[in-house]
Amino acid sequence: MPMIMDEQGYNMDVDDLFGDSEQVTLPTIPAPSVKGLARRLDELSTSGCCQKIAWSKNGCVAYITPDGYAVNLRVFSRDLSTGKWDLSADTPLELPQTQDEFQYVHVSWSHLGNDLAVADAAGHVMIFSCAMALDRMTFIRADITQPEAEMDAVVGMHWLAILPYEQKNHIAWSATGKGDNWRFQISSAVFKDAHHPVEGKASLIYLKRHGELKLRFQQHDNSWHEVAATLGPMLSTREPFTHAAFASNNDNTLLLAAYDVSGRLHLYRIEAKWNIPQPKPGHQPKPFEKPDLQVSQIDVIDDCYPASSAVANGDLNATSELRISIPAQLAHLNFLPKTPDGNDGSVPTIQAIFSTAPNLASFDQTQPHQSPFSIIVRWEVHQTQQNQLHSSLDKVTSKKKSVSSVPARDLFVLKRSLDTMMHSVILTFAPLWYNMILAFCHSDGTIEFRKRSTMEILGPDYNTETVSSLLQAGFAFTAHEPTLHTALSPNHCMAACLQQDGIIKLRSMEYSYGTLASDESDARHSAALAALVLQSSSAANQYFSSDDIFSIIGPLSKKRKRDFIYLMFQGLSVNIDCGVDDNSNNHLMLLGRSPFFVKTLSAAHLLGLEGSVKRDLSSKIAWMILNIKYVTQILTTIARMHGQIEKNPLRPEMVPQFIGICRWIMHFIAYMVDELIAVGYQVKDLPQNSFDRPTIEGKIQEMNKPAILILLSSFPRMMMKLWANPLAWVHKTAMQYATSGPTPEVRRIYTPLNQAITDCPLHWQLFEGLVSEAHQLVRNSYKRASFSEAQRNEVERELILGQIPEVLVPVSRKILSDALFNENRPNGGAVLDKLDVARVMFFDTTWLGLNDSKHSQIWFQTHVVDVCQKMIIRGTGAQSHPTASSTSQGGRARRGSVSGVAESDGKKRKQQLRQCIRCGAYMEDVTQGMPGYANHHVNWLMGVAKHCVCGNGWMLAREKEKVKGGTR
């Protein structure tokens, strides 16, 4: 009979039944990590050169496609219609065809972003150079003396410094102040980095797996050459290098750290001995001999692994029992050079990032599951001088020299710092801001920034009176889905995240304290604005693009826009005062190489730009000044090329470059006079006591017509004064040769120029007189007020921001009422009496892009204007150049479909446009062999049109869909 047990009486402990009363711990299943992490860690541990995506300092992203057999380019640019910033469509890099196809594994940009290195799995390195557009890179074949060894992968790569850009920098350290009043702490620093000794030329050094060191360098003609060396005797194939990193030793030499499969760290010193003769004046420099690459070994350290937690936590004196190596593989090897701040990274530092492998589960039931993580191991490289002889030798009486007279030798000592444990795996690392800030992209999606000297995490410190970075002012990356491949933008405020399917997602820093679109009185907002300007100043001093900064700013209120531009003038130390007498030459300095002035104007233009032609007042002022500066540079340059212009006529080969410039000047004069008349009619009848600053400023703002501000502003006014003599010279030459040239061909070339210089509803000398009068009035006002240079500089800044300072209100009244309308003026009467007002008012200047009317917006939807050549190149009335190669066209505009352009290889391509990545202006993509362009004309454009008028780079653009009437 079966036993029936009472449930209440059954109290046996099941654990006792099996003799184990302890709790059973089930294996822990961790949260899933980023897909493909294990494979990516294998790649990182195999080679130090496996960067799949890189963001250049001038704003172009290069990435390797998921299959590894192609490289694409995408330009960070602003969409004209929406005003949003994003990456452009893919542009495939034209890779050379080779007999053996290897996957591409690494991309690396040069410091300035003009050159791109691509390495494949077999160790072949290809270099591409920018060809006038950021997304057009051409392959430059290197002159290699010996063939590349197959399957000898590249493990470390480094671009040498480029002179003079990286030799001396102004470092923007911080800004102090409050409200709209900030002072920027900026100091100069000189760098002695290893460099190519010829200015503007690039060079690249890389190490291959089996110890072969190669230096690629450019000759005077931009061709690439190569020299090689080995790291001592050829290493055993069983102990190859896996990672290598280079750093400047601050004495024009390089330090090299190389890690091998046995866990040893090798330290070398590299010096390139260049022998480049000085070119003779007036002669083309001759090719120079290849440099001598000298390598010396400094030290070898065994067992370079992360140690136990005791060491990681700071106990470097732990016993050997505690100093147990953690099972981790090297993922990143970096060599951080000495920094400009003596208290932050005062010595070169080797940084090795080790990562543990991701395990799916932990089967040790006594230990909790450990997620994969990284450990940072660092060695400081200390350099001292040591005498090679002992001081006791001085006691030897027979010697002829003292021990101290023998040259000391360099002694390098490696000191290991405290290891740093990270919370997850580091997938991407980048040193920033002169190697003083370290950026880490983690496997959990975190993007983290740390101070190099202390490894403390950088973030907001709530100090609203001193700002040193965007991070400290409240900008940060928010949580995001993890990704294996990340590239930071030039100012590390955006991240391009490459997904496994080849899609790139952009991440942006976000402002933590609200929005800057309102005028809310919050000290944090003022500090944030100062931090943005500080970062812009840092970018300008390092020749970086600042487009990523503008992309994160978001909408700004009118006051914040004004404050931003005002602070830009301060942060970049731009002085726009042009003096009160003829001894001042600051206007010529601003006309010449003045990148900071251009960057400030470009920022002012961008912040008020909506679409292609709609601009607020300060934006329109900035755009007008940028164009005035550009055409004046060309006008005065060509005039100087002819020596004494009163004796030498304009040469026929220079005529095509001049036609658009002269037409633009003539039409701009008509536009200026038309605006002055329009504003003058609105204020001419005001009583003198009512013609005050608020009234005239309000009227100018309402009408959005800044012509009077351009006349009052010293720099554009002095530029327009420089037009007089060259215009008279061009007018005389064009008229003479267009009507009585020696041949029909000559007359045909000069006729369009003569038409351009006379195509104006008033004589340009009338405008010159108005400019001269304004010039004298403004200078006299400054003198009467006894304004200092600083005070005048302040006034000039206010004018660019769309305001009329009190000191110049009487001048504006005199021009807008007296000069235009007073018939009884002693020096010739009113300006309006000397011209046909109706012709001026109805003269069509739409193509200048300075009118934001509905008609203008529609016109620009169906036409394209070349912002550099100053001519209509698409749409009805498109213009062409009168060159000898266009005889069959008779100099007339060509209509119809986009014509083919012959290339040097005999193939044809369609005409193409370039577009400014910031302001969206267009120009013709002019290349050698293009119909209508002689070779010297193309070369000329490569110089003057290397950048947009606003100072930013070009990208290739599609033709406008709404263009009617075809192209030239």
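Answer yes or no as to whether Asp143 is surrounded by 22 or more Cβ atoms within 10 Å (Cβ to Cβ) and of a type in the set (D, E, K, R). No: the conditions fail for Asp143.
When segment 806-828 is filtered for residues that are free of Cβ contacts under 8 Å to residues at least 40 places away in the same chain and surrounded by 13 or more Cβ atoms within 10 Å (Cβ to Cβ), the ones remaining, listed by number, are Val807, Pro810, Lys814, Asp818, Asn822, Arg825.
Please work out if Leu534 is in contact (Cβ under 8 Å) with a residue 40 or more places away in the chain, out of contact with any Ser or Thr (no Cβ under 9 Å at 6 or more places or on another chain) and in the same structural domain as Arg779 (by TED's automatic domain parsing). Considered against the rule, which asks whether it is in contact (Cβ under 8 Å) with a residue 40 or more places away in the chain, out of contact with any Ser or Thr (no Cβ under 9 Å at 6 or more places or on another chain) and in the same structural domain as Arg779 (by TED's automatic domain parsing), Leu534 comes out as no. Once segment 830-864 is narrowed to residues that are among the β-branched types (Val, Ile, Thr) and assigned to a helix (DSSP H, G or I), the residue that is farthest from Leu762 (Cα to Cα) is Ile858.
Considering Val807, Val795, the condition of being over 23 Å from Ile677 (Cβ atoms), touching a Ser or Thr at 6+ places or on another chain (Cβ under 6 Å) and either not in a loop (DSSP other than H, G, I, E, B) or not assigned by TED's automatic domain parsing to the domain that holds Val574 (or both) is satisfied by Val807 alone.
Being outside the structural domain of Ser417 (by TED's automatic domain parsing), out of contact with any Ser or Thr (no Cβ under 8 Å at 6 or more places or on another chain), surrounded by fewer than 18 Cβ atoms within 10 Å (Cβ to Cβ) and closer than 30 Å to Ala70 by Cα is a property that does not hold for Asp522. Of all residues in segment 506-549, those being closer than 19 Å to Asp563 by Cβ and assigned to a loop (DSSP other than H, G, I, E, B) number 11.
Out of Asp577, Asp581, one residue alone is assigned to a loop (DSSP other than H, G, I, E, B), touching a residue at least 40 places away in the same chain (Cβ under 8 Å) and under 30 Å from Gln542 (Cβ atoms). It is Asp577. With respect to Phe477, is the statement that it is among the hydrophobic types (A, V, I, L, M, F, W, C), touching a helix residue (DSSP H, G or I) at 6+ places or on another chain (Cβ under 8 Å) and modelled with pLDDT of 95 or more true? So Phe477 fails the test. Looking only at segment 418-456, count every residue that is crowded, with 21+ Cβ neighbours inside 10 Å, β-branched (Val, Ile, Thr) and assigned to a loop (DSSP other than H, G, I, E, B) and tell me the total. Count: 1.
Within segment 760-780, none of the residues are surrounded by 15 or more Cβ atoms within 10 Å (Cβ to Cβ), in a helix (DSSP H, G or I) and among the polar types (S, T, N, Q).
Of all residues in segment 33-75, exactly one satisfies the criterion of being more than 20 Å from Ile503 (Cβ to Cβ) and without any contact (Cβ under 8 Å) to a residue 12 or more places away in the chain, namely Asp42. Residues that are modelled with pLDDT of 90 or more and of a type in the set (D, E, K, R): does segment 888-901 have at least one? No - not one qualifying residue is present in segment 888-901. Here segment 766-800 is the region considered, the condition is being touching a helix residue (DSSP H, G or I) at 6+ places or on another chain (Cβ under 9 Å) and of a type in the set (Gly, Ala, Ser), and the residue that is farthest from Val831 (Cα to Cα) is Ala785. Cβ-Cβ distances below 9 Å connect the following pairs, each with a first residue in segment 277-298 that is closer than 21 Å to Arg216 by Cα, a second residue that is surrounded by fewer than 12 Cβ atoms within 10 Å (Cβ to Cβ) and of a type in the set (Ser, Thr, Tyr), and a separation of six or more residues or different chains: Lys290/Thr145. In the set (1) touching a His at 6+ places or on another chain (Cβ under 7 Å); (2) assigned to a strand (DSSP E or B), the condition left unmet by Val198 is number (2).
Filtering segment 595-611 to residues that are outside any helix (DSSP H, G or I) and either among the aliphatic types (A, V, I, L, M) or without any contact (Cβ under 8 Å) to a residue 12 or more places away in the chain (or both) leaves only Leu609.
Considering His605, His667, which residue is touching a Ser or Thr at 6+ places or on another chain (Cβ under 6 Å) and either surrounded by fewer than 19 Cβ atoms within 10 Å (Cβ to Cβ) or farther than 25 Å from Leu567 by Cα (or both)? Selected residue: His667, the only one of His605, His667 that is touching a Ser or Thr at 6+ places or on another chain (Cβ under 6 Å) and either surrounded by fewer than 19 Cβ atoms within 10 Å (Cβ to Cβ) or farther than 25 Å from Leu567 by Cα (or both). The set of residues in segment 909-958 being in contact (Cβ under 8 Å) with a residue 24 or more places away in the chain and in a strand (DSSP E or B) consists of Leu913, Arg914, Gln915, Cys916, Tyr922, Met923, Glu924, Trp954, Met955, Leu956, Ala957.
Going by the structure shown, is Ser203 among the hydroxyl-bearing types (Ser, Thr, Tyr) and touching a Phe, Trp or Tyr at 6+ places or on another chain (Cβ under 6 Å)? It is true that Ser203 is among the hydroxyl-bearing types (Ser, Thr, Tyr) and touching a Phe, Trp or Tyr at 6+ places or on another chain (Cβ under 6 Å). Candidates are the residues of segment 550-574 that are part of a loop (DSSP other than H, G, I, E, B) and not small (Gly, Ala, Ser); the one that is nearest to Leu799 (Cα to Cα) is Val574.
Using the structure shown, decide if Ser398 is part of a loop (DSSP other than H, G, I, E, B) and at pLDDT 80 or above. Criteria not met by Ser398.
Quick check on segment 908-917. Is at least one of its residues modelled with pLDDT under 90, in contact with a Pro (Cβ under 8 Å, 6 or more places away or on another chain) and surrounded by 15 or more Cβ atoms within 10 Å (Cβ to Cβ)? No, the conditions are met nowhere in segment 908-917.
Among residues of segment 314-359 being β-branched (Val, Ile, Thr) and within 15 Å of Ile376 (Cα to Cα), the one that is modelled with the lowest pLDDT is Ile326. Among the criteria (1) out of contact with any Leu (no Cβ under 6 Å at 6 or more places or on another chain); (2) within 18 Å of Val771 (Cβ to Cβ), the one Arg797 does not fulfil is (2). All told, Ala149 falls short of being among the hydrophobic types (A, V, I, L, M, F, W, C), at pLDDT 95 or above, farther than 26 Å from Lys192 by Cβ and surrounded by fewer than 19 Cβ atoms within 10 Å (Cβ to Cβ). If I filter segment 110-117 for residues that are surrounded by fewer than 22 Cβ atoms within 10 Å (Cβ to Cβ) and either in the same structural domain as Asn939 (by TED's automatic domain parsing) or in a strand (DSSP E or B) (or both), do I get at least one hit? Checked segment 110-117: no residue is surrounded by fewer than 22 Cβ atoms within 10 Å (Cβ to Cβ) and either in the same structural domain as Asn939 (by TED's automatic domain parsing) or in a strand (DSSP E or B) (or both).
The values are calculated or read from the model by the stated rules, or taken from the named source; none is laboratory data. Bear in mind the structure is a predicted one, so any value in this text is a computation, not a measurement. Using ideal geometry, Cβ is built from the backbone for each residue, glycine included, and neighbour counts are taken over all protein chains shown.
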